[in-house]
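Colleague: The structure's right below; bear with me while I get my questions together.
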Amino acid sequence: MREVTNRSMEIRLKIWRQESPESNGYFEEFLVENISPEASLLEALDSLNERLTLENRRPISFDSDCREGICGTCGFVINGRPHGPFPGVTTCQLHMRMFEKAGLLVLEPFRGGPFKVLKDLIVDRSGLDRIIQAGGFISVSTGSAPEANSILVPKNLAEEAFNAAACIGCGACVAACPNGSAMLFTAAKIKHLNILPQGKAESKKRTKNMLDAMINEGFGACSNHGECETVCPKRISLETINFAFKEGLSS
Amino acid sequence: MSKISFLKLVSSSTGLFIILFLILHVSGNLKYFGGPDSLDNYALFLRIFGKEILGEYTFLNLFRIVLVIAFILHIWSTYLLTRYNAKASPQYESSLAYKSTTFSSKYMFVLGILALSFLVFHILHFTLGIIHPDGFEYLKVYNNVTISFKNTIYFLIYFIGVTVVSLHVSHGIWSAFQSLGFNYLFVKHARNFAKLFAMFLWIGFLSVPIFVYFFK
């Protein structure tokens, strides 16, 4: 167990401020003092916001929900890396002790493709939702619950489908991509349904529609740089994109 | 098939086809080391290949037409894909720290344009003999090559040109395998294989100019 201490640290935060989608943004620097190394980065922002509110200044807007890395709501670029410099974690899972030597953190919203800054660190990621919508439905019997073993799924396929389904749709792949492509996200969504027997029936239509939706939403077309894989908090690999391209060819 | 699946199918299959041609090309180049007869006879062989059925030059010209079509399709599809990418490219105010982007992958389109200009120069130089240092003689390939690569400017143009093509190929091969959805275990290693292959291509194509310029 890590020893909980009463230490405190201070850190400078350079944060992107933008009032509205139309207004011009700028960086503003803050000094956060007396923060526990055990506090999370979002808690440090919370405490900064309390101070700003007391001083009658506009608090920093940022997205967060579960704060345990499973919902995909939080996320911004920290020192040039979406979700920060540590692999396999979301922004909310970062703690101040990880940055004790950093001195300065630069926080900028996710950008790329159709992502538009709504306010400060909040961006509009609804394009990702519309890609999912384009995927359509899965044909399932809505009658009584089926016999448990009537649809058999081999263990390895179940594992692969689950790995793809681990995508939380945070949009870090888009933010990291030099082409602003949502290919890793779209591929994960395609794979986790297409690989299972329940998703096979509509697999061709789903693949075509989702890939078309990605382009129509204004995301890039992917040129296999592989940046997405390095920032994905759920460690979804380029193999997923390989699978989606293969499905795309026969769709 | 979705729009990007189609464009990726076109760009990667034409790219791989052109790479197959490059393998044929570089193995032909190495005949230089076999002496004048070896290289000149090979050049003649390419021109009269299949003459019993089609007549001289017909096979060669058919092959040239196929290559030109492959190039046009490759340029057309990659141009459209690059346009999507450029439009969606993020504009960060702080700089983004990239980890797996390489020089080749980043400048793929620019390298492609440079490679195309090099190709045009190459055809004007060795195929048509319009641009040539001195005394171009049709089908006297060995002689033409020797004269050209003794010239510093021509040597440098080929050095840069071959480097550009190799860099383009080093990302292109892996990217094509990935886009065509080849077996991923293979594709994962293809990223290194592509670099190795591009290096062999680079050495192969440059072996003749370097030999002529420095040792002949």
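Every number here is computed from the coordinates shown, using simple stated rules; none is lab data. Quantities reported herein were computed from a predicted structural model and do not represent experimental measurements. Glycine gets a Cβ as well: all are built from the backbone with ideal geometry, and neighbour counts include every protein chain shown.
Colleague: For segment A:80-85, take each phi angle, set θ = phi - 60°, evaluate the Karplus expression 6.51 cos²θ - 1.76 cosθ + 1.60, and give the result in whole Hz per residue in order, putting x for glycine and proline.
Modeller: Along segment A:80-85, the couplings run x, 10, x, 6, x, x Hz.
Colleague: Okay, next question. Long-range amide H contacts for A:LEU118: which residues qualify at under 5 Å (H placed 1.01 Å from N, peptide plane, sequence gap of 5 or more or a different chain)?
Modeller: Close amide H contacts, sequence-distant or interchain: A:VAL123, A:ASP124.
Colleague: Sticking with this structure for a sec: Of the residues B:PHE197, B:PHE33, B:PHE177, which exhibits the maximal mean-square fluctuation in a Gaussian network model of chain B defined by a 10 Å Cα contact cut-off?
Modeller: Judging by the Gaussian network model, the answer is B:PHE33.
Colleague: Still on this model: Calculated FRET efficiency, A:CYS66 and B:LEU185, Cβ-Cβ r, R0 35 Å, to nearest 0.05? Kindly include the intermediate steps, with their values, before the conclusion.
Modeller: Details: r = 35 Å, r/R0 = 1.00.
That pair, A:CYS66 with B:LEU185, gives E of 0.50.
Colleague: Run the helix sum for chain A: -39,500 (n - 2.57) per DSSP H stretch of 4+ residues, divided by residue count, reported at 222 nm to the nearest 500 deg cm²/dmol. Provide the component values of the computation, followed by the final result.
Modeller: On the way: 9 runs with 87 residues, N = 251.
That comes out to -10000 deg cm²/dmol.
Colleague: Which order, highest average first, do A:105-114, B:153-162 follow once you tally other Cβ atoms within 10 Å for each residue and take the mean per peptide?
Modeller: The most tightly packed comes first, giving A:105-114, B:153-162.
Colleague: From Cα coordinates alone, what are the radius of gyration and Dmax values for the protein assembly as shown in angstrom?
Modeller: Rg then Dmax for the protein assembly as shown, in Å: 27.8, 93.
Colleague: Each residue of segment B:130-138 in order: what ³J(HN,Hα) in whole Hz does its phi give by Karplus 6.51 cos²θ - 1.76 cosθ + 1.60, θ = phi - 60°, with x for Gly and Pro?
Modeller: Per residue, the Karplus-derived 3J(HN,Hα) values read 6, 9, 7, x, 6, x, 6, 10, 4 Hz.
Colleague: At what distance in nm do the modelled label points of A:LYS101 and B:LYS216 sit from each other, each positioned 7 Å from its Cα along Cα→Cβ?
Modeller: 5.5 nm
Colleague: Still on this model: In segment A:204-246, which chymotrypsin sites (Phe, Trp or Tyr not before Pro) fall in coil by DSSP and have 14 or fewer other Cβ atoms within 10 Å?
Modeller: Details: sites: A:PHE219, A:PHE243, A:PHE245; in loops: A:PHE219.
Nothing satisfies the criteria.
Colleague: Next question. What average number of partner chain Cβ atoms lie no more than 10 Å from the Cβ of the residues making up A:213-219?
Modeller: Numbers: counts 1, 5, 7, 1, 1, 3, 5.
What the average comes to for A:213-219 is 3.
Colleague: Can I ask one more? Assuming a viscosity of 1.002 mPa s and a temperature of 20 °C, what translational diffusion coefficient in µm² per second does Stokes-Einstein assign to chain A, Rh being the Kirkwood radius over Cα pairs?
Modeller: 109 µm²/s
Colleague: Starting from the Kirkwood Rh over alpha-carbon pairs, what translational D in µm² s⁻¹ does segment A:72-180 have by Stokes-Einstein at 25 °C and 0.890 mPa s?
Modeller: So the translational diffusion coefficient is about 145 µm²/s.
Colleague: I'd like the distance separating the alpha-carbon centroids of segment A:199-239 and segment A:107-148, in whole Å.
Modeller: Segment A:199-239 and segment A:107-148 have Cα centres spaced 12 Å from each other.
Colleague: Rounded, prolate or oblate: which one fits segment A:9-108, using the alpha carbon gyration tensor with axes a ≥ b ≥ c (rounded when a/c is under 1.5, else prolate when a/b beats b/c, else oblate)? Show your work: numbers first, answer last.
Modeller: Working: a/c = 1.45, a/b = 1.17, b/c = 1.24.
The shape class here is rounded.
Colleague: A follow-up question, please. ³J(HN,Hα) across segment B:96-107 via Karplus (A = 6.51, B = -1.76, C = 1.60, θ = phi - 60°), whole Hz, x for Gly/Pro?
Modeller: 8, 8, 7, 10, 10, 5, 10, 4, 4, 5, 5, 9
Colleague: Per-residue Cβ counts within 10 Å, from other chains only, averaged over B:170-177: what number is that? Don't skip to the end; give the middle numbers.
Modeller: Values: counts 0, 3, 1, 0, 2, 5, 1, 3.
Counting Cβ atoms of other protein chains within 10 Å of each residue's Cβ and averaging gives 2.
Colleague: If one computes the Cα centroid of segment A:1-53 and of segment B:92-129, what distance in Å separates the two points?
Modeller: Value for the Cα centre distance between the two parts: 43 Å.
Colleague: Let's test the formula: R0 of 22 Å, r as the Cβ-Cβ distance of A:ASN156 and A:GLN198. What FRET efficiency results, to the nearest 0.05?
Modeller: Details: r = 17 Å, r/R0 = 0.76.
After rounding to 0.05, the efficiency reads 0.85.
Colleague: To the nearest whole percent, what portion of all C-alpha pairs in segment A:191-251 is separated by more than 18 angstrom?
Modeller: Details: 751 of 1830 pairs.
Percentage above 18 Å: 41.
Colleague: Per residue of A:236-248, what is the mean number of Cβ atoms on other protein chains within 10 angstrom of that residue's Cβ? Spell out each step's value before the answer.
Modeller: Details: counts 0, 2, 6, 5, 1, 5, 11, 2, 2, 11, 8, 2, 9.
Mean partner shielding for this stretch: 5.
Colleague: Along each of its three principal axes, how wide is the spread of alpha-carbon positions in chain B, in whole angstrom units, largest first?
Modeller: Reported extents, whole Å, longest axis first: 57, 43, 33.
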